[in-house]
Each structure stands twice: as C-alpha cells, then as structure tokens.
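J.: Attaching a single structure in structure tokens format; questions to follow.
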Amino acid sequence: MKTSDKIIQLIKREGALTAKTLASELGITSMGARQHLQQLEDEGILSFEDKKAARGRPTRYWSLTEKSRSFFPDRHSELTLQMIGSIKEIFGPEGLEQLIIHREKASFESYQQALAGKFGLADKLRVLVELRSQEGYMASLEQRDGVFWLLENHCPICAAASQCLSFCRSELQLFEQLLSEQATVTREEHILEGARRCAYRITPVRGSVDEELP
C-alpha cells in the first residue's frame with residue numbers, strides 16, 4: 001500500500017492527526033509526512049485546521065474531505081438508491097419496511113451463529129467487531145471506565161441509510177438484540193448527523209461479570 005493510501009486509512013480510522021503522529025505511525029520522517037499531506041491537500045483529499053497549543057505555535061491537524069469517500073467501499077451506492085426508489089414505488093413504504101425487517105432478521109441469525117459459544121461480553125464484542133470489519137465498517141473496540149465502545153469509522157451502506165433512516169434504526173436494534181442480556185446499547189455518534197464515525201456505547205448491565213480487554 002502506498003504511503004499516501006496509508007495516511008488516508010489512518011486518518012479515516014483515527015480522525016484528525018498531526019504530521020508528527022502520522023510520521024511516527026508510518027515510520028517515516030516528519031518532513032516526508034508533510035510532503036505527502038501537502039500532495040493530498042493539493043488533490044482535495046485532505047484539509048487542515050490549526051488548533052491552539054498549550055504553549056508555542058498552533059498545532060496543525062489533518063482530516064479527510066468529502067472527496068476522500070471514493071477511497072472507501074460504498075456497496076454500489078447508485079444501484080442501491082435506485083433499488084430503494086423502485087421498492088418504494090412498487091410496494092410502498094410498507095414494502096420497504098418489510099425488506100429492512102427481513103434484512104435485520106437475517107443479520108441477527110448470522111451474527112448469533114457467529115457468537116455461539118462466546119459467553120463473555122468482551123468476547124462477543126471482539127467477534128462482532130471482526131464481522132463488521134469484514135463488511136466494510138472499519139470497526140474497532142475500546143473500553144473506558146468499564147464501558148465498551150464499538151466504533152465504526154466507515155459506513156458502507158451510507159447512501160442507503162441517507163435515503164431511508166430505518167436502515168440506521170435497524171443497525172442499532174440489531175446490536176440491542178444481540179447483547180440484550182448483558183448490556184445496554186446507545187448510539188452516541190452518528191455519521192448521518194455529521195459525525196466522522198458511528199460510536200455505540202455498550203454498558204454492561206448490573207450483575208454481569210466485569211471484563212477487561214487485553
């Protein structure tokens with residue numbers, strides 16, 4: 001993978017980053033990182049914001065622009081939107097809702113099968129992150145103060161979700177169903193509301209076994 005592509009992937013996953021941080025992550029010099037960043041800015045793929053530091057000069061943070069979306073899978077968004085429009089026209093809103101319910105049910109059964117034999121919440125979440133990453137969500141898992149965070153840095157069904165918010169409602173309900181006996185799930189950040197990622201707060205229910213990520 002080219003260095004410029006690695007930079008795009010890192011910023012997509014981590015959010016706005018400095019040239020120094022990128023250089024450290026990629027094992028290159030800060031000057032080399034800045035050269036790549038400048039080229040990506042010239043191409044309209046990156047933009048920057050200078051933020052005040054505690055002391056000294058402002059620190060420059062680089063982030064992705066809308067143009068960067070072409071670097072990530074979108075599940076053939078144009079065809080998806082056409083299909084959604086056709087379903088609405090032929091079967092009405094009720095028909096589209098039934099399709100979403102069927103998709104949610106199929107996903108639940110598939111995920112449930114993959115989670116079979118996993119009893120701990122952390123173990124289940126690790127499998128769920130792997131499944132979601134395979135589907136293009138660039139998922140990761142964090143734990144802070146006893147609370148898990150399922151982070152999805154990309155939405156491969158974003159075009160469909162922007163056309164029909166029920167897809168997003170269905171995603172949240174899917175997680176709630178899968179983890180209902182061990183945790184409560186809330187969505188704290190949402191790509192369709194302007195956030196750079198979707199972030200799900202997963203709080204273990206009282207009485208469940210406390211678990212720590214390795």
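J.: For the range 45-86, which positions are over 23 Å from the mean Cα position of the chain (by Cα) and modelled with pLDDT of 85 or more? Let's see the steps before the verdict.
T.: Residues of the range 45-86 that are over 23 Å from the mean Cα position of the chain (by Cα), as a first pass: 50-60, 82-83, 85-86.
Listed by number, the residues that qualify are Asp50, Lys51, Lys52, Arg57, Pro58, Thr59, Arg60.
J.: Within the range 146-179, how many residues turn out to be under 22 Å from Glu97 (Cβ atoms), modelled with pLDDT of 80 or more and open to solvent by 30 Å² or more (accessible area, probe 1.4 Å)?
T.: Within the range 146-179, residues that are under 22 Å from Glu97 (Cβ atoms), modelled with pLDDT of 80 or more and open to solvent by 30 Å² or more (accessible area, probe 1.4 Å) number 5.
J.: Within the group Gln143, Gln134, which residue is in contact (Cβ under 8 Å) with a residue 12 or more places away in the chain and surrounded by fewer than 16 Cβ atoms within 10 Å (Cβ to Cβ)?
T.: After ruling out the rest, the residue left standing is Gln143.
J.: Condition check: under 23 Å from Ala195 (Cβ atoms) and touching a Gly at 6+ places or on another chain (Cβ under 9 Å). Does Ser70 satisfy that?
T.: no
J.: Condition first: within 18 Å of Trp149 (Cα to Cα) and basic (Lys, Arg). Now tell me which residues in the range 96-124 satisfy that.
T.: Lys124
J.: If Thr65 satisfies all but one of (1) surrounded by 14 or more Cβ atoms within 10 Å (Cβ to Cβ); (2) in contact with a Leu (Cβ under 8 Å, 6 or more places away or on another chain), what's the number of the condition it fails?
T.: Condition (1) is where Thr65 drops out.
J.: Looking only at residues that are open to solvent by 50 Å² or more (accessible area, probe 1.4 Å) and under 16 Å from Glu49 (Cβ atoms) in the range 1-28, which one is nearest to the chain's Cα centre (by Cα)?
T.: Glu14
J.: Right, next: When you scan the range 29-60, how many residues do you find that are among the aliphatic types (A, V, I, L, M), assigned to a loop (DSSP other than H, G, I, E, B) and open to solvent by 60 Å² or more (accessible area, probe 1.4 Å)?
T.: Pass one, the range 29-60, residues among the aliphatic types (A, V, I, L, M): 31, 33, 37, 40, 45-46, 53-54.
Going one step further and asking which of them are assigned to a loop (DSSP other than H, G, I, E, B), we end up with 45, 53-54.
Retained after the next criterion (residues that are open to solvent by 60 Å² or more (accessible area, probe 1.4 Å)): 54.
Of the residues in the range 29-60, 1 are among the aliphatic types (A, V, I, L, M), assigned to a loop (DSSP other than H, G, I, E, B) and open to solvent by 60 Å² or more (accessible area, probe 1.4 Å).
J.: For the range 111-131, how many residues meet the condition of being farther than 12 Å from Leu178 by Cβ, open to solvent by less than 40 Å² (accessible area, probe 1.4 Å) and not small (Gly, Ala, Ser)?
T.: Result for the range 111-131: 1.
The values are calculated or read from the model by the stated rules, or taken from the named source; none is laboratory data. It should be emphasised that the depicted structure is a prediction, and the values quoted were computed from it without experimental measurement. As a convention, Cβ positions derive from the backbone with ideal geometry for all residues, glycine included, and neighbour counts pool all protein chains shown. Quick note on the areas: whole protein, heavy atoms, side chains included, nothing else; ligands and nucleic acids left out. Shrake-Rupley method; radii C 1.70, N 1.55, O 1.52, S 1.80 Å.
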